[in-house]
Amino acid sequence: MLLSEHTKNILGLQLPTDPRWVDLAGISLEAILTDHAYCEQKAATTCITLIQRYSDKEKLVYSLAPIVAEEWGHFRLVLNELKKRKLVLGKQRKDEYVNKLIEFQKKGGSPDDRLLDHLLTMAMIEARSCERFKRLSEGLQDKYMSAFYRRFMESEAGHYTLFIELSETYLGKPKVRKRWKEWLDHETVIMKDLEIRGDRIH
């Protein structure tokens with residue numbers, strides 16, 4: 001799967017990652033791999049939570065079950081990369097980006113509204129992760145690591161698409177598109193306010 005230079009046209013993201021982030025990430029390889037590992041771990045556990053919470057929704061359950069295994073497999077791949085390079089898995093840090101996304105979820109309202117925001121939160125995380133992995137695949141000097149992150153980029157693009165498709169299955173395209181536009185606008189504000197740090201994926 002090839003992503004064009006105009007990421008916003010594919011994922012809808014309105015603000016590209018600052019090019020300085022890739023340079024910082026290349027310097028802090030142990031830190032970025034540590035954060036990446038925890039991102040994959042949290043993606044797997046969040047999919048498990050969604051399956052448990054919405055067990056009555058068959059398509060969701062059977063679509064996310066293999067994603068759990070895939071994300072956990074990614075966690076192991078990153079762990080192996082750390083070990084191979086004689087680097088150490090550091091401590092999990094607070095994910096300010098994800099926490100700000102969660103704050104935007106509708107806490108009241110109907111169960112459908114809450115389901116939609118849960119799915120769109122995951123779609124947004126996968127979209128931004130895909131964009132970040134694309135930057136790493138293109139900007140890292142280490143050719144092996146460039147290929148390593150291209151593999152993850154392609155996977156995240158598929159996950160983003162899946163979460164949007166599940167949203168449209170249960171809530172309908174018009175409602176999803178309206179709410180997704182709100183999410184994109186909110187994510188742009190988050191990205192403008194976040195400090196550029198090379199020790200984290202988001």
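The values are calculated or read from the model by the stated rules, or taken from the named source; none is laboratory data. Here the structure is a predicted model, which means the values were calculated and not measured. So basically every Cβ, Gly included, is an ideal-geometry build from the backbone, and we count neighbours across all protein chains shown.
Residues in segment 169-202 that are touching a residue at least 24 places away in the same chain (Cβ under 8 Å), assigned to a loop (DSSP other than H, G, I, E, B) and either under 11 Å from LEU116 (Cβ atoms) or basic (Lys, Arg) (or both): ARG197, ARG200. Of all residues in segment 82-105, those that are touching a residue at least 24 places away in the same chain (Cβ under 8 Å) and closer than 25 Å to TRP183 by Cβ have Cβ atoms under 8 Å from Cβ atoms of residues that are in a loop (DSSP other than H, G, I, E, B) and among the aliphatic types (A, V, I, L, M), 6 or more apart or on another chain, in GLU96/LEU194; TYR97/LEU194.
If the condition is being surrounded by 12 or more Cβ atoms within 10 Å (Cβ to Cβ) and more than 21 Å from ARG151 (Cβ to Cβ), then segment 65-93 contributes ALA65, GLY90, GLN92, ARG93. Looking only at segment 26-53, count how many residues are crowded, with 19+ Cβ neighbours inside 10 Å and modelled with pLDDT under 90. Going through segment 26-53 one residue at a time, the tally reaches 0.
When the residues of segment 95-111 are filtered to those that are outside any loop (DSSP other than H, G, I, E, B) and in contact with a helix residue (DSSP H, G or I) (Cβ under 6 Å, 6 or more places away or on another chain), the one that is farthest from VAL61 (Cα to Cα) is LYS100. Looking only at segment 140-161, count every residue that is surrounded by fewer than 17 Cβ atoms within 10 Å (Cβ to Cβ), touching a residue at least 12 places away in the same chain (Cβ under 8 Å) and either touching an Asp or Glu at 6+ places or on another chain (Cβ under 9 Å) or not acidic (Asp, Glu) (or both) and tell me the total. Number satisfying all stated conditions: 2.
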